[in-house]
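Working notes, structure below.
Each value in this text was obtained by applying a stated rule to the coordinates, not by laboratory testing. None of these values were measured; they are calculated from a predicted model. Glycine also receives a Cβ, built like all others from the backbone with ideal geometry; neighbour counts cover every protein chain displayed.
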Amino acid sequence: METFQHSFPSRPLAWPADRSWALAGVVGSGNLEVLIEPNPAAPDAVAYDLQTSIPGYADSWKAALADFAAHYAVGGTRITLHDQGAAPVVITMRLRQALDLLTPAQP
Amino acid sequence: MSRVPYHELKARERLAAIVDPGSFAEILPPPARVMSPYLPKLGIPVAFDDGLAIGRATIDGKPIYLAAQTGQFVGGSVGEVHSAKLVGLLKAAARDRLPCVLLIESGGVRLHEGSSGEIGIAEAIRAVFACRAAGAPVIAVIGSDIGAYGGMGILSACCDFRVMTEHGRLGISGPIVIEKWMGKAAYDSADRALVWKTSGGKTRYLLGDANALVNDDTAAVRAGIARLLGPASPVTLAAIEARQAELAARLEQFAAVTSPEAIWQARGVTDPAAATLDDAETFVASLAPAAP
Amino acid sequence: MTSSPRDTRRRNKAARLSRAAALVAGKLVPHEKTADLLRAVIEPGDILCLEGDNQKQADFLAEQLASLDSLRDLHLVMSCITLPSHLELFKKGVVRQVDFCYAGPQGNAVADLLAAGQFPIGAIHTYNELYARYYIDLTPRVALIAAAKADRAGNLFLAANTEETPAIVEPTAFYDGVVIAQVNEIVDELPRIDIPTDQVDFVIEAPYPMHLTALFTRDPAAITDVQILMAMMAIRGIYEEYEVESLNHGVGFNTSAIELLLPTYGEELGLKGKICKYWMVNPLPTMIPAIEAGWVETVFSVGGEVGMERYTAARPDIYFTGRDGSFHSNRPMGQLAGHYAIDMFIGASLQVDIHGNSSTVSKGRITGFGGAPNMGCQPTGRRHPSKAWLKAGREANPGPGSLPGRKLVVQMVETFQSGRVPTFVESLDAQDPAIKAAMQGVAPVMIYGDDVTHLVTEEGIANLGACRSPEERTAAIRAVAGYTPVGLKRSLADTAALRARGIVRLPEDLGVSPARANRSLLAAQEIKDLVRISGGLYDPPAKFVDW
């Protein structure tokens, strides 16, 4: 088991009034769950908190998480990930799915 | 093409799909982080909900309590936190005398957590009977490939009613365990057709173990539940004796039978080969009137 | 030259036939006499063709051949090296040279034999390239083939899996070679005659039916959300964008996902009747929902698929069928159709390099090519226009000396294979010096980057056909290579510039919502759904049945 916390700069997310969280994915082999919650203390950054069963891929994780922060406006959020060996593609997809569930209008 | 297959959905999607739109209010949702204290020590990642989503909702305006398991998370297994949520939900249902619907997808006790899972299942079964004693019906819905096995198979059998789809399987020991003890000649767990013909929804319905067999889509599952939301089935001595007699007769009738097809025929299926492909609705409608 | 060119081969064939005369009644040879027959007709130095492709195998004849101790100095020509008996010939050291196309299932063993100096490769060919050479410089002296049935006169019925049988028999028979057929059964009357007895010398009823693999059956239950996301992007960014009417699909789960999205997602986009009408593809079970929903006009195939016999026979509006009513296929003609007559080829690969070259060769595993290269290439002999061909041609910015159109050649890959092995690499394993040395310097590249117009990954679509330089193409590949080492070397500025020009398109640029990439979008979630949608006409093999 490996854990790390890391923040990346990101444009502020317009948090929807009717939701307080969004969850995508499940913890299972080759899969992960992603929870997005508001973090008003840091509106220009996204704070990641990751737990993964497969150690040794921190660089690839950080690249994927940094890209997501750069590409989407997710500032002012805390994103917690519970991973059981998901490929990077699944990670990115779950992040996008969680964001889509939170703000369906976002392009 | 518009049907939403129940067995493809995840726990919260199932809950949302079978209740009145927008009516599901989750108790201890993911941000509450009520999680297993044991799994991280074993190198297994935790889930925010420990594999069980619980809450309140309405079906056709009637308030109910309900829960849904996530089969992908440690096999839908029942650990300490998971069982505590389940027990609490059932106790609330008994207290409020409201129906409780359990969307089951579990291999049973979470062995990683030792006896706490075993105790948890036992407490949950006791809570099921508390509901029944209070007149609050408990309905198990079994419609996923993982099915209901082990302790959750037992718990399902203790509920007032069972709604199954043809994807659902209900049993105590899983196919691999049966093969291990009885031998491959007696039960080949790799023969998926045999596994479903012995423990799948259609067979369970023919044997009277499932009260409803519905199509694998959320609207049909919802309708199946709605029909059973009336009075509970009380646990009385007479009812238990009647069930015992029924099981004894079944054992006698099928003691010498070695093929599931023969059981199907004895229970009113005229053409088992064709009926395997029928959807649940067609299957139920085509049964000879003598069936259960 | 030892004799004047008159009829040397013909007289030599007559001598071979006379050596076998005692074994044969008419053209029929009892299977117990097979080894004697092969000893009688095969001579040292022969070019010997052994039929076998990835589905259908002359397996009884191959085993009998491998059991002989009289063979030497053979030049084997065969499209696929797939059976242990094939390898036996190399282990015995009786093969002087081998010219082939594909060795998928035996890829590791072939690499081992090559390393041991026991695998003398002439060349690894594409299918039609090898069949073409059967008419030029690799005409077989003896061909060992497989058919479903024969009549007592020696006419052959090939059933659904015609495959490459005619492509072997015709050049062999018309250039005085010997054709020996194994059949599953000998009957009084054939349903139809696919190979006339004039082109057949010996027929053997094999003691067991030929091996057939359900190679193209993909269980919808195994399709992942990621594959569905990629399929959605491909439909929007390529099928819809270019109005692809005629096409070939590879055999992977990616393209199965596309087939199963047509009646749902494709319908929702209003694409029915506009795209995916004419197909060159085997009778894939996952196409049943699209066919039943009225999407498909015709399907022509290089081979059959186990379990699809009744369904194809009941849909002669869609499939090519014989007068007996049953399915017909033809590998070389199908490959030719896939080369010249389709708007798009879309398939997958195990490795893609920074130039867009792809290969299924990996270290220690030599697989050769399947049906991809003859279709996944630009047909410079094409002259007929279509919307898709012209649009792709315009994007390629043709000069005064180039074709106005281009075929869409699409590679659809996830950035990682199973076990976190990256698909994208700086250099292909196929460029391994030892492999190249064994092939006289030619690396076994399956599809060349110059031929590829689009690359689809879970990250997005790169339009390689619209790139203006090799450097730009590499940047576009890196932009969709995800978190592989190749992808991590991308520059954000390059990616942004390519995206602004539409050369790189991400899901949101295509109007695709990843949140919808969900198995519920499939028209069938499992094999049982396919059976139901077929009206009970599809008979899946037992390993796919769980009801």
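Some observations on this one:
- Backbone amide hydrogens, once placed in the peptide plane, bring C:M446 within less than 5 Å of C:S358, C:S359, C:T360, excluding anything fewer than 5 places away on its chain.
- Which listed pairs, of B:K184/C:K149; C:K149/C:K436; A:K62/C:K436; B:K10/B:K91; C:K56/C:K543; C:K56/C:K391, have C-alpha distances above 30 Å, in listed order: B:K184/C:K149; C:K149/C:K436; A:K62/C:K436; C:K56/C:K391
- Antiparallel bridges, percent of DSSP beta bridges restricted to region A:2-86 (to nearest 5): 70
- For region B:21-27, 3J(HN,Hα) per residue [Karplus equation, 6.51 cos²θ - 1.76 cosθ + 1.60, θ = phi - 60°, Hz, x = Gly/Pro]: x, x, 8, 6, 10, 7, 9
- By DSSP, the beta bridges lying fully in chain C are antiparallel in about 30 percent of cases.
- Its Cα centre serving as origin, region C:220-521 has a Cβ charge dipole (Lys and Arg +1, Asp and Glu -1) of approximately 440 debye.
- MRE, 222 nm, helices only [DSSP H, n ≥ 4, -39500 (n - 2.57), over chain C, to nearest 500]: -7500 deg cm²/dmol
- Over chain C, Cα pairs under 8 Å with separation of 6+ residues give a relative contact order of 14 percent.
- Approximate shape of region C:220-521 as ellipsoid semi-axes (Cα gyration tensor, √5λ), whole Å, largest first: 29, 23, 20
- Packing here is the average count of other Cβ atoms within 10 Å per residue, and on that basis the peptides C:402-414, A:35-47, C:93-105, highest first, run C:402-414, C:93-105, A:35-47.
- Judged by the ratio a/c of the largest to the smallest principal axis of the C-alpha gyration tensor, region B:76-232 counts as oblate, that ratio being 1.5 or greater while a/b is no larger than b/c.
- Percent RCO, i.e. relative contact order, over chain A, from Cα pairs under 8 Å lying at least 6 residues apart: 40
- Dipole in debye (nearest 20) - the protein assembly as shown, about Cα centre, beta carbon charges: Lys, Arg +1; Asp, Glu -1: 680
- Gyration tensor verdict on chain C (Cα atoms; rounded if a/c is under 1.5, prolate if a/b is larger than b/c, oblate otherwise): prolate
- Net charge dipole, region C:1-78: roughly 560 debye, given to the nearest 20, about the Cα centre with Cβ charges of +1 for Lys and Arg and -1 for Asp and Glu.
- Peptides ranked, highest mean first, by Cβ atoms within 10 Å: ranges B:171-178, C:246-253: C:246-253, B:171-178
- Given charges at Cβ of Lys, Arg, Asp, Glu: the protein assembly as shown dipole, positive-most of C:M280, C:L350, B:C131: C:L350
- Sparsely packed GluC sites (Glu not before Pro) within region C:184-253, loop by DSSP, other Cβ within 10 Å at most 16: C:E189, C:E243
- Sum of -39500 (n - 2.57) over DSSP H runs of 4+, divided by residues of chain B (222 nm, nearest 500): -12500 deg cm²/dmol
- For residues of C:503-516, the mean tally of beta carbons on other chains within 10 Å: 3
- Shape category assigned to region C:225-292 from the gyration tensor of Cα positions, a/c cut at 1.5: rounded
- Cα-based helix-to-principal-axis angle, A:88-102 vs chain A, degrees rounded to 10: 30
- As a rough guide to protection, the peptides C:6-19, C:530-543 ranked by mean Cβ packing within 10 Å, highest first, stand as C:530-543, C:6-19.
- At most 15 other Cβ within 10 Å, DSSP loop - chymotrypsin sites (Phe, Trp or Tyr not before Pro), region C:116-191: C:Y135, C:F174, C:Y175
- Value of relative contact order over region C:23-205, rounded to a whole percent, pairs C-alpha under 8 Å and six or more apart: 24
- Across peptide A:82-93, the average count of Cβ atoms from other chains found within 10 Å of a residue's Cβ is 6.
- Exposed-loop-free span, longest in chain B, where trypsin sites (Lys or Arg not before Pro) count as exposed if DSSP calls them loop and at most 16 other C-beta atoms lie within 10 Å: B:185-292
- Across peptide B:196-208, the average count of Cβ atoms from other chains found within 10 Å of a residue's Cβ is 1.
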